[in-house]
Amino acid sequence: MAVTRRDLLRLGPVLVAATAMPPRVSAQSAVDPLASLRRESFEPCVNSSFEAADGKGARVWLTLMAVQDQSSQVAAANRGAWASLSKRPSAAPPRMDVFTLTFYGPPNLKQDTYALNHPRLGNFSLLLVPSGAQSYVAVINRLVGPLPQA
C-alpha cells in the first residue's frame with residue numbers, strides 16, 4: 001500500500017506527538033487512568049452506558065456503540081514518515097495503539113473534554129467530538145513500548 005503526501009499531512013500531528021513522547025509511559029498511568037485502558041478494555045463495554053460530565057458539571061448519559069481498531073492504518077503512514085525522519089532508515093517505526101470509540105448520546109453536545117464514569121472501567125477523561133446528530137467520537141492514540149533508538 002502506497003503512502004501519499006495527503007496521508008502524511010493528515011497524520012502529521014499524530015506522528016509528531018508520538019515522537020515527542022517519553023520512552024516510558026508507565027509512570028503516566030498512575031496519573032492518568034485512561035493510560036491503563038486498552039482497546040480490549042472497551043470492547044466488552046459496547047452497548048453499555050457511561051455517565052459524562054462536562055467542565056461545568058452538567059451530566060449526560062452516553063452509550064458506547066462501537067470500538068474500532070485504527071492501528072494498521074496508522075502503521076502504514078508511520079513507515080513512510082519514520083523512514084524520512086529516522087537517522088537509521090532501517091529502524092522500525094514506533095508501534096502505536098490507535099482506536100476510536102463511538103458513542104450515542106443526547107443531541108447537540110459540544111466538542112469538549114468530558115469526565116466519564118463507567119462501573120467496569122472507572123473514571124477517566126476523554127475529548128468527545130460530534131460526528132453526527134447524536135453521535136460522538138473519541139480517538140485514543142498511544143505508543144506501545146519505547147521509541148526505537150536512533
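Bear in mind that the values in this text are calculations on the coordinates, not laboratory data. Everything numeric here is computed off the predicted structure, so don't read it as measured data. Reconstructed Cβ throughout: ideal geometry from the backbone, glycine too, with neighbour counts over all protein chains shown.
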*Going by how many other Cβ atoms sit within 10 Å of their own, how do ARG120, ARG142 line up, fewest first?*
ARG120, ARG142
*Ranking TYR136, TYR104 by Cβ neighbours within 10 Å, fewest first, what do you get?*
TYR104, TYR136
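How much FRET efficiency would the formula 1/(1 + (r/R0)^6) give for GLU40 and ASN108, where r is the Cβ-Cβ distance and R0 is 30 Å, rounded to 0.05? Kindly include the intermediate steps, with their values, before the conclusion.
Numbers: r = 32 Å, r/R0 = 1.07.
Once the sixth-power term is evaluated, E becomes 0.40.
If the chain between LYS56 and VAL129 were fully stretched, how many nm would it gain, using 0.36 nm times the residue separation less the Cα-Cα distance?
24.5 nm
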*Report the extension gain between SER49 and SER71 in nm, rounded to one decimal, defined as 0.36 nm multiplied by the number of residues separating them, less their alpha carbon distance.*
5.4 nm
_Give me GLU40, GLU51 sorted ascending by neighbouring Cβ count inside 10 Å, so fewest comes first._
GLU40, GLU51
